[in-house]
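What follows is a set of notes on a single structure, which appears directly below.
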Amino acid sequence: MSTESADAVQTSMGAEGVDAATDARISEPPASLREFFSYMGPAWVFTASQIGGGEALSVPVGGAYLGMQAIWLIPLITFTKIFGQYYLVRYGVMSGNTFLDALYSQPKWLKWIFYYVFLGGLVYAIGLSGHLGETAGAAQNLLSVGAVGGLSGTDFWMIITVVAGLGIVMLRSYEIIEKVSTVLLWSFLALIAFVSLFTAEQWIGGLASGLVPSIPGYVDGLGVGGLAFVATMFGWIGAGFGPTVAYVWFAKDKTMGMFEPKADGVNINKSDLSDEEISRLKGWGDMVLWQNMISSVILAVFSFFMWTAAAATLHGTEIVASGELGGFEVVPQMAVIFTTVYGEWSAIIFLLSVMAALFSTLIGPLYGMSRLWEDAFAIHGVFDNYNITRETVFRLTVVLFAVIPLSLNILFEAPLFLFAISGILFAPAVGLMYLAALYMSYTDVDQPGLVPIRRWAVGLAVFAGVALIAATMFEVYPTIMDLIG
């Protein structure tokens, strides 16, 4: 296994990856809270990656422009999308194959989603323009740098951010990404919780009406409104494309469930699993469910704090009324919240924290999406037929996904525009992944005992998948035309 805690769980496993006492080829799932949290790493990385995405960008912009209106989207999205992601990760843990591997072997009517997900990496990279641009904007606000070689100060900080991200991801170490992301996650969550609660008297009165579903108004900062805003939020709040895809590879690197014997080189088919192994796999499936539930609660709470803090301190202000809360200035303007509540020192801490959170969104998906492309090339026989290694493809892909948002930001200087466009375009990919993973979970008849049994969870996952597709397709074309125009 990839960590010391994982080794502790497998103390009874022999050299061949077989439990000497029961002949089981799969370790027992965590039986204590300590063991459980030792396996929460993939969820922490996912949550940190997601918080630095839609939760740190679109959520506060929504609160600033809409006040408490449309805050009902937060619980709806976070507590439905998480079940789609659960079945996506569960499929891999139960089968030992990522959903990408499984999709490639499906009939043509379903196989095409493989290429949609594959190309979705490029669309997601476009959305990373928002994270990169806002990180650089915060850095420029903290430590202003003049023009360097024809590049602005913000461009300079974007290059520094990309170099730092590449330095971490190029190590190809899941353990390092897990540790960095976990620290960044809890630091930022604690900070925004304090400011939201401190300003509660300013937003508590509008909470009840905000939880009543209504179509939101236009949000200048994102350039969308109405159902297009709902589609953008569905794409970025909760389980987003990049973090969701990366989560599957995090679970693989953590060697959970059926990923374990595959990593040990043990030949195992679901059709010949023993009753003990089936029981253990179900336990790992429950582990994935609780991972996702905890992550969903954190995302919902964090989003709530971000929205209410922005609604309390930015809604109705001059910069919002003028429609100028956008570009590279969203994070610096968010720092006004902390200056207002605590003083200048807290704004500095906030800027450092949000930079860290946005940075975690860069490194997590960069790692996961690059692993996805690496495996996709392997499926097509690239490493068998050409003189190129998996590590080389991984590193080239990391550079590609980093260069795309950097180049777009330097050329267009519209990070949130690119962020919104990306969210609208890749949301259907997330919905299709949810539905495809559920379909494959039921049609995989090698082991009927491992099919999903929680009908309520399946229902929520289906709702999330359909909602992502439907909300995006409605008004997508006119919205894109309006943005381009």
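The values are calculated or read from the model by the stated rules, or taken from the named source; none is laboratory data. Please read all numbers here as calculations on a predicted model, not as lab measurements. When we count neighbours, we look across all protein chains shown, and the Cβ atoms used for this are built from the backbone with ideal geometry, even at glycine.
Name the single residue that is farthest from T232 (Cα to Cα) among those in region 97-127 being in contact (Cβ under 8 Å) with a residue 12 or more places away in the chain and among the aromatic types (F, W, Y).
Per the stated criteria, the residue is Y104.
In region 206-252, which residue that is among the β-branched types (V, I, T) and not in a strand (DSSP E or B) is surrounded by the fewest Cβ atoms within 10 Å (Cβ to Cβ)?
V212
Filter region 102-112 down to the residues that are surrounded by fewer than 23 Cβ atoms within 10 Å (Cβ to Cβ) and not charged (D, E, K, R), then identify the one that is nearest to T244 (Cα to Cα).
Of everything passing the filter in region 102-112, A102 is nearest to T244 (Cα to Cα).
Specify the residue that is surrounded by the fewest Cβ atoms within 10 Å (Cβ to Cβ); the eligible residues are those in region 343-387 that are among the aromatic types (F, W, Y) and under 26 Å from K252 (Cα atoms).
Within region 343-387, the match that is surrounded by the fewest Cβ atoms within 10 Å (Cβ to Cβ) is Y386.
Go through (1) at pLDDT 75 or above; (2) assigned to a helix (DSSP H, G or I); (3) of a type in the set (V, I, T); (4) surrounded by fewer than 17 Cβ atoms within 10 Å (Cβ to Cβ) for V430 and report which single condition fails.
With respect to (1) at pLDDT 75 or above; (2) assigned to a helix (DSSP H, G or I); (3) of a type in the set (V, I, T); (4) surrounded by fewer than 17 Cβ atoms within 10 Å (Cβ to Cβ), V430 is out only on (4).
Answer with yes or no whether F401 is over 17 Å from L166 (Cβ atoms), modelled with pLDDT under 90, among the aromatic types (F, W, Y) and in a helix (DSSP H, G or I).
Criteria not met by F401.
Is it the case that G257 is on the phi > 0 side of the Ramachandran plot and under 26 Å from the mean Cα position of the chain (by Cα)?
Yes: the conditions hold for G257.
Show the residue pairs meeting these rules: Cβ distance below 9 Å; 6+ apart or different chains; first residue within region 273-291 and modelled with pLDDT of 90 or more; second residue of a type in the set (S, T, N, Q) and crowded, with 23+ Cβ neighbours inside 10 Å.
These pairs meet every condition: R280/S27; W284/S27.
Tell me which of these S422 doesn't satisfy, since it passes every other one: (1) under 28 Å from I168 (Cα atoms); (2) over 24 Å from the mean Cα position of the chain (by Cα); (3) among the hydroxyl-bearing types (S, T, Y).
Unmet condition: (2).
Which residue is surrounded by the fewest Cβ atoms within 10 Å (Cβ to Cβ), if the candidates are limited to region 55-81 and must be touching a His at 6+ places or on another chain (Cβ under 9 Å) and aliphatic (A, V, I, L, M)?
Only one residue tops the list, namely M68.
If a residue must be in a helix (DSSP H, G or I) and out of contact with any Phe, Trp or Tyr (no Cβ under 8 Å at 6 or more places or on another chain), how many such residues does region 410-427 contain?
The qualifying residues number 9.
Here is a check on your reading of the model: is S144 within 29 Å of F250 (Cβ to Cβ) and either free of Cβ contacts under 8 Å to residues at least 12 places away in the same chain or crowded, with 18+ Cβ neighbours inside 10 Å (or both)?
Taking the combined requirement at face value, the residue does not satisfy it.
What are the residues in region 376-393 that are in contact with a Phe, Trp or Tyr (Cβ under 8 Å, 6 or more places away or on another chain) and touching a residue at least 24 places away in the same chain (Cβ under 8 Å), if any?
Across region 376-393, the qualifying residues are A376, I379.
Among (1) small (G, A, S); (2) assigned to a helix (DSSP H, G or I); (3) modelled with pLDDT of 80 or more, there is one condition S144 misses while meeting the rest; what is its number?
All conditions pass for S144, except number (2).
Can you tell me which condition T255 does not meet? The list is (1) among the β-branched types (V, I, T); (2) outside any loop (DSSP other than H, G, I, E, B); (3) surrounded by fewer than 24 Cβ atoms within 10 Å (Cβ to Cβ), and all the others hold.
(2)
Tell me yes or no: at least one residue of region 42-54 is part of a loop (DSSP other than H, G, I, E, B) and in contact with a His (Cβ under 9 Å, 6 or more places away or on another chain).
No: zero hits.
Any residue in region 264-276 that is small (G, A, S), surrounded by 21 or more Cβ atoms within 10 Å (Cβ to Cβ) and over 17 Å from Q447 (Cβ atoms)?
no
Being surrounded by 15 or more Cβ atoms within 10 Å (Cβ to Cβ), in a helix (DSSP H, G or I) and under 22 Å from the mean Cα position of the chain (by Cα) narrows it down to one of L119, L166, so name that one.
L166
So is F412 modelled with pLDDT of 90 or more and aromatic (F, W, Y) or not?
no
For region 21-34, state whether one or more residues are assigned to a helix (DSSP H, G or I) and either at pLDDT below 80 or buried (at least 24 other Cβ atoms within 10 Å of the Cβ) (or both).
No, region 21-34 contains no residue that is assigned to a helix (DSSP H, G or I) and either at pLDDT below 80 or buried (at least 24 other Cβ atoms within 10 Å of the Cβ) (or both).
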